[in-house]
Amino acid sequence: MVSSAADKFITRSRLAEVCARERESGRTIVFTNGCFDLLHIGHVRYLAEARSYGDLLVVGLNSDESVRRLKGPQRPLIPETERAEMLAHLAAVDYVSLFSETTADELIRVVRPHVYVKGGDVDPERVPELPTVKACGGRIVVAQYVAEHSTSDIIGRVLGVYQARTE
């Protein structure tokens, strides 16, 4: 078990070693990924559920560059190192590793999870990483969606309050 948040934020090469050792010891590895910009209760509940599917939860964190490609030039609001540190402080999270690719495929090949957790109302058969997850011997689980707790919704509410105060 990892003892501190600093020990949880690791490189891909170190993550490969850790996951190989954990797999050999018979532990079930769970993987999820995301931007996790403006960490909120929806994220916390999602990560707790993801952790419940196995013995070890690895979180792939989109780099700042990757978030900009996915969400636009104004995002992320929080830099990758701070987002990683916040995630690492959560009890449900065992390891955090950055990735800058468009999908998490490369990181999935490193982790080789038994379970890949996706959030929201996605169809598991349409998840872009499905072929990679299957090739690594894993399966996809869709976590329960927490309504009205998306980062975009929160940003919209904050902007609405700010605009109302400035009018």
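What are the residues in region 41-75 that are within 25 Å of E17 (Cα to Cα), among the aromatic types (F, W, Y) and part of a helix (DSSP H, G or I), if any?
Selection gives nothing.
Residues checked against (1) touching a helix residue (DSSP H, G or I) at 6+ places or on another chain (Cβ under 9 Å); (2) modelled with pLDDT of 95 or more:
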| site | (1), (2) |
| --- | --- |
| V2 | yes, no |
| D7 | yes, no |
| S25 | no, yes |
| I29 | yes, yes |
| I41 | no, no |
| L77 | yes, no |
| A84 | yes, yes |
| A88 | yes, yes |
| A92 | yes, yes |
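Looking at region 8-33 only, could you name the residues that are exposed (fewer than 11 other Cβ atoms within 10 Å of the Cβ) and part of a helix (DSSP H, G or I)?
S13, R21, E24
Select from region 35-69 the residues that are β-branched (V, I, T) and in contact with a Lys or Arg (Cβ under 8 Å, 6 or more places away or on another chain) and list them in ascending order. Working first, answer last.
From region 35-69, those β-branched (V, I, T) are 41, 44, 58-59, 67; that's our starting set.
Once the filter is applied, which keeps residues that are β-branched (V, I, T) and in contact with a Lys or Arg (Cβ under 8 Å, 6 or more places away or on another chain), region 35-69 yields only V67.
Can you name every residue in region 17-61 that is small (G, A, S), closer than 30 Å to G72 by Cβ and out of contact with any His (no Cβ under 7 Å at 6 or more places or on another chain)?
Answer for region 17-61, where residues must be small (G, A, S), closer than 30 Å to G72 by Cβ and out of contact with any His (no Cβ under 7 Å at 6 or more places or on another chain): G34, A48, A50, G60.
Report whether or not I78 is of a type in the set (V, I, T) and in a loop (DSSP other than H, G, I, E, B).
Yes.
Please specify each residue of region 11-38 satisfying the condition of being farther than 25 Å from T102 by Cα and among the acidic types (D, E).
Start the filter on region 11-38 by keeping residues that are farther than 25 Å from T102 by Cα, which leaves 21-28.
Passing the criteria: E22, E24.
Any idea which residue in region 79-117 is farthest from the chain's Cα centre (by Cα), counting only those that are crowded, with 22+ Cβ neighbours inside 10 Å and farther than 16 Å from T11 by Cα?
Step by step, filter region 79-117, then rank; the result is P113.
When residues of region 34-55 are filtered for being surrounded by 23 or more Cβ atoms within 10 Å (Cβ to Cβ) and either touching a strand residue (DSSP E or B) at 6+ places or on another chain (Cβ under 6 Å) or at positive phi (or both), how many remain?
2
Of the numbered conditions (1) over 29 Å from S4 (Cα atoms); (2) in contact with a Lys or Arg (Cβ under 7 Å, 6 or more places away or on another chain); (3) at pLDDT 95 or above, V110 fails exactly one; give the number of that condition.
Among (1) over 29 Å from S4 (Cα atoms); (2) in contact with a Lys or Arg (Cβ under 7 Å, 6 or more places away or on another chain); (3) at pLDDT 95 or above, the lone unmet condition for V110 is (1).
(1) at pLDDT below 95; (2) out of contact with any Leu (no Cβ under 9 Å at 6 or more places or on another chain); (3) surrounded by 19 or more Cβ atoms within 10 Å (Cβ to Cβ): which one isn't true of H149, the others all being true?
Among (1) at pLDDT below 95; (2) out of contact with any Leu (no Cβ under 9 Å at 6 or more places or on another chain); (3) surrounded by 19 or more Cβ atoms within 10 Å (Cβ to Cβ), the lone unmet condition for H149 is (3).
Just name the residue that is surrounded by the most Cβ atoms within 10 Å (Cβ to Cβ) out of those in region 118-141 that are in a helix (DSSP H, G or I) and among the hydrophobic types (A, V, I, L, M, F, W, C).
V133
Just checking, does region 35-52 include any residue being touching a Leu at 6+ places or on another chain (Cβ under 9 Å) and among the hydroxyl-bearing types (S, T, Y)?
Among the residues of region 35-52, not one is touching a Leu at 6+ places or on another chain (Cβ under 9 Å) and among the hydroxyl-bearing types (S, T, Y), which makes the answer no.
The values are calculated or read from the model by the stated rules, or taken from the named source; none is laboratory data. Please read these numbers as outputs of a predicted model, since none were measured by experiment. Heads up, the Cβs are rebuilt from the backbone with ideal geometry, glycines too, and the neighbour counts pull from every protein chain shown.
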